[in-house]
Each structure stands twice: as structure tokens, then as C-alpha cells.
Amino acid sequence: MRLTIILPTYNELENLRALAPILLGLPLELSLLIVDDNSPDGTGQLAEELARKSSGRIRALHRRDERGLGGAYRLGFREALNSGAEVVGQMDTDFSHPADRLPEMVSRLADADVVIGSRYVLGGSVDVHWPLWRKGLSRWANFYGRSILSLPIRDVTGGFRLWRREVIAAMPWERILSNGYVFQIETAYVAYRLGYRFAEAPIYFSDRTWGESKMNWRIQFEAAWRVWWVLTRYNDLHPLGGNSGK
């Protein structure tokens, strides 16, 4: 099963240097697609260097005038499908998503179309060093989004995901406009409306190793009100023929 992992990057030089060999060392037919947003710290140049030495297992894309998670993933999904990927993965480069859980997540695709590395199923957890307010905010955000959208998953904001090729190909990307963390909620909801099946694999979500988090209060506020926007935007979507996720 050919798996392409998309790694959106902005100032992730040290993280990318350490993570790439770990991912390539997994017992999977895996390649990496690095989408760099013109990082001033040299991440893009490192991505090119890694690609040259990878025997075709790493590709680097560069966005010069754009920023944002959603746009990076939209570009990455398109390129991954064009290169023949059978499964496309989303993953942060900051070591918050445990690479060693990928084989288990791949195995769960036997009975699912989308697999989420989940903090909020049995066996999952978040960084023990998180303050109580951050743990509470994360749980509330997931409860909020899950309840409003009636999603059958526990970790609706999680960004550690595997998608079968056919799900990515069926998504109406011209309508999916979110460019922040609500992108994760919107794409999950669209896949749910189209009838695709979800599974969740427990993960331990640790804080980033190097660098600073991109999360801020503006992004959190945007995500809160845009959940209602997502709810009303896709009333016309229905399960595609043969899907049994709803």
C-alpha cells in the first residue's frame, strides 16, 4: 500500500532533520511530501537536500507567497494523488504526532476509509506537562465541534490522519476554504457527509520538541465560529454510492 505523508513546514529545520529518517525507517511503503511555506530558517533548503539524497522517497514543494495549513494540505493532497499514492497522510513535523503509531493506523484502514491518530479514545492522551487550562481547552474544542456537527469521532481537531485515495479524490476541494486549524474539522465533516468510514487509533500527543507553536487565541476564536459555518455549508452533501460510514 503506497503511503505518502504530507509534512507542512514553516520554520521546522531541526524537527524535519530529525523526523525524516525516522519516517523513512518505518516498515511501510512510505514516501514524504514536504510542503514548505518559504521558511526563513532554511527548512525549504533542507527539504531539497533531503529529497536529493532520498532516491525518490522525498519530494519538496515550495509556496512562496502563501501561508496556512489548509492551503498547504490542498496542494499536498493534489500532488500526492498525481504521484499515485494509495493512502495520503497528514502529520505535523514537530514530533507531537508519534511516528511509531503509523503502522497501527495503516492496519486500521482494513475497515475504514479515514484513520485518525486520536488523543481522546481509550489509550490516548495529551502531554503530561500541558497546563490544566490547555487540556481543558482542547477537550472543550473537541466536544464543541463533535456535538454541533454530530461527528462519530472523538478527536475532531486532530491533525494526524490517514486517508484512502478515493476519499481525497471525492472531496469537493473547491468548497473547502478553511486555512487554519478548523481545516481539520471541515475536512472530517465533509468526509462524514459523504458517507466514509472513520476509525481512531490511540496516540500520546506530546508538545513540540523545537520551535514555537503556531496556535494562538485568534485561531481558536476563528475555529469556534467557523464550526457553525461548516454545519450550514454542506447540507447538500450525501453519502456516495457504496459508502457506509453514516
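Values in this text are rule-based calculations from the coordinates and carry no lab data. Treat the numbers as computed from the prediction; the structure is a model and nothing was measured. As a convention, Cβ positions derive from the backbone with ideal geometry for all residues, glycine included, and neighbour counts pool all protein chains shown.
Which value, in Å to one decimal place, does the Kirkwood hydrodynamic radius take for the chain when every pair of different Cα atoms is included? Can you show the working numbers first?
Details: mean 1/r = 0.0549 Å⁻¹.
Kirkwood hydrodynamic radius for the chain: 18.2 Å.
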Exercise. ³J(HN,Hα) across the range 116-133 via Karplus (A = 6.51, B = -1.76, C = 1.60, θ = phi - 60°), whole Hz, x for Gly/Pro?
Worked result: 10, x, 10, 7, 10, 10, 4, x, x, 6, 10, 3, 5, 8, 4, x, 4, 5
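Where does each of 91, 1, 171 land when they are ranked from fewest to most other beta-carbon atoms within 10 angstrom?
On the way: 91 22, 1 13, 171 19.
Listed from fewest to most nearby Cβ atoms, that is 1, 171, 91.
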Exercise. Which far-off residues, 5 or more places away or on another chain, put their amide H under 5 Å from the one on residue 200, with H placed in the peptide plane?
Worked result: 116
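Let me check I've understood the local charge: for residue 186, count other residues with C-beta under 10 angstrom from its C-beta, Lys and Arg +1, Asp and Glu -1. What total comes out? Intermediate values should be presented prior to the final figure.
Working: positive: 175, 226, 233; negative: none.
Around residue 186, the charge tally is +3.
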Problem set entry | Residues with amide H under 5 Å from that of residue 9, placed H, sequence gap 5 or more | 35, 36, 37
Exercise. Just 83, 206, 118 to compare: in a GNM of the chain, with alpha carbon springs under 10 Å, which one fluctuates most?
Worked result: 83
Exercise. Where the centre of each part is set by its Cα atoms, how far does the range 169-201 sit from the range 26-51, in angstrom?
Worked result: 24
Problem set entry | Karplus-derived HN-Hα couplings along the range 184-199 (A = 6.51, B = -1.76, C = 1.60, θ = phi - 60°), whole Hz, x at Gly and Pro | 5, 5, 4, 5, 5, 5, 4, 4, 5, 4, 7, x, 7, 8, 10, 9
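Would you mind ranking 97, 62, 129, 238 so that the residue whose beta carbon has the fewest other beta carbons within 10 Å leads the list? Walk me through the numbers on the way to the answer.
Numbers: 97 23, 62 15, 129 8, 238 11.
The fewest-first ordering by Cβ neighbours comes to 129, 238, 62, 97.
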Exercise. With the radius of gyration and the Kirkwood radius both derived from the Cα set of the range 108-191, what is their ratio Rg to Rh?
Worked result: 0.98
For this session: Please sort by residue number the trypsin sites (Lys or Arg not before Pro) in the range 1-108 whose DSSP state is loop and whose Cβ has at most 13 other Cβ atoms within 10 Å.
Result: 53, 64, 67
Problem set entry | residue 126 long-range amide H proximity, modeled H, under 5 Å | 205
Seminar exercise, completed: Residues 203, 168 in order from fewest to most other beta-carbon atoms within 10 Å are 168, 203
Exercise. Ordered by residue, what ³J(HN,Hα) values in Hz, to whole numbers, does the range 230-236 give under the Karplus form 6.51 cos²θ - 1.76 cosθ + 1.60, where θ = phi - 60° and Gly and Pro are x?
Worked result: 4, 4, 8, 7, 10, 4, 7
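Roughly how compact is the range 38-160, stated as its Cα Rg over 2.2 N^0.38 Å to two decimals? It would help to have the intermediate numbers written out before the result.
On the way: Rg = 16.9 Å, N = 123, 2.2 N^0.38 = 13.7 Å.
My calculation over the Cα atoms of the range 38-160 gives 1.23.
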